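Heads up: the structure comes next, in structure tokens.
The values are calculated or read from the model by the stated rules, or taken from the named source; none is laboratory data. Bear in mind the structure is a predicted one, so any value in this text is a computation, not a measurement. Neighbour counts run over all protein chains shown; Cβ positions are idealised from the backbone, glycine included.
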Amino acid sequence: MGGITHRVNTKASEQKSMGDADDTATALACLSATATADLAHTLIVSRQTHLPKRLGPPGPDAEQLEKLFEAAAAAPDHGLLQPWRFILIPDQRRADLAEVFAKALRDRDGAATPEQLEMAREKAYRAPCLMLVVARLAKADPDIRAIERVVSVGAAVQNILLTAHAMGFGSSLTSGQAMTSPHLRALFGLERGEKAVCFINVGTVTRRKSPRIHPVVSSFVTSL
Ligand SMILES: Cc1cc2nc3c(=O)[nH]c(=O)nc-3n(C[C@H](O)[C@H](O)[C@H](O)COP(=O)(O)O)c2cc1C
């Protein structure tokens, strides 16, 4: 298993992840450590944002969606507080989200034109797979600061993006001012201590764009 160690959770309720880890260990045993590391690195550095207007059908099916959420569940999570949840927006509920986008715009700008309101509504219909990321930041453990929970949310989101990328889908995160709208909170039933972070969009890339250039390592790494 050169170089890769699997931390297997032995809780009875998590026997499934044990089986999955065994499967992964078997699959990875076929690759050398270098090949595995190269594969993971290539996967990570080749992920890029594909905005919803560039994503068409098909999106992930039920089995693939399950895998995306299993990947989220593997995020580091100090204290196992599970500070994230995801709310899917199926096609039949997109109209509700569209109204929230329009109402949020009207609240911000009472002079918004019908065309601007329509553009706001249209954003609810773009990606074939759309979900809201919710951070659960209510104080559950005084030893674990909110920022640690935010890191866990980010890791869960990235796990979803990378898994979608590995499946051949394009994806993106979208946010905007509607995220803090009371209309959005009401539609998604957000509780006290929960914050809407962003949407995750997943689908098939219809139009590619050139990848961005990543910052050079020396620009963000120093040594004491
Ligand atoms: C929480 C979050 C919200 C984001 N919201 C938006 C957004 O509303 N619109 C957008 O164009 N990009 C959004 N992005 C994506 C970034 O713009 C994108 O990741 C960045 O440009 C780097 O590009 P890359 O993902 O292709 O490397 C968001 C990213 C994060 C982390």
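Okay, here's what the table says:
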{"read-out": "Extreme residue, nearest to the ligand (Cβ to nearest atom), among residues of the range 123-138 that are farther than 16 Å from L55 by Cβ and of a type in the set (A, V, I, L, M)", "value": "V133"}
{"read-out": "Some residue of the range 154-172 being within 16 Å of the ligand (Cβ to nearest atom), farther than 29 Å from P57 by Cα, in contact (Cβ under 8 Å) with a residue 12 or more places away in the chain and not in a helix (DSSP H, G or I)", "value": "no"}
{"read-out": "Residues satisfying the stated conditions in the range 174-203, i.e. surrounded by 15 or more Cβ atoms within 10 Å (Cβ to Cβ), polar (S, T, N, Q) and within 16 Å of the chain's Cα centre (by Cα)", "value": "T174, N201"}
{"read-out": "Output for the range 32-49, where each listed residue is in contact with a helix residue (DSSP H, G or I) (Cβ under 6 Å, 6 or more places away or on another chain) and either in a helix (DSSP H, G or I) or without any contact (Cβ under 8 Å) to a residue 12 or more places away in the chain (or both)", "value": "T36, L43"}
{"read-out": "Residues being touching a residue at least 40 places away in the same chain (Cβ under 8 Å) and in a helix (DSSP H, G or I) - total across the range 59-73", "value": "9"}
{"read-out": "Filter result for A62 (modelled with pLDDT of 95 or more, more than 16 Å from the ligand (Cβ to nearest atom) and either touching a His at 6+ places or on another chain (Cβ under 6 Å) or farther than 27 Å from K195 by Cβ (or both))", "value": "yes"}
{"read-out": "Among (1) closer than 23 Å to P128 by Cα; (2) of a type outside the set (F, W, Y); (3) at pLDDT 95 or above; (4) over 20 Å from the mean Cα position of the chain (by Cα), the one test that I213 misses", "value": "(1)"}
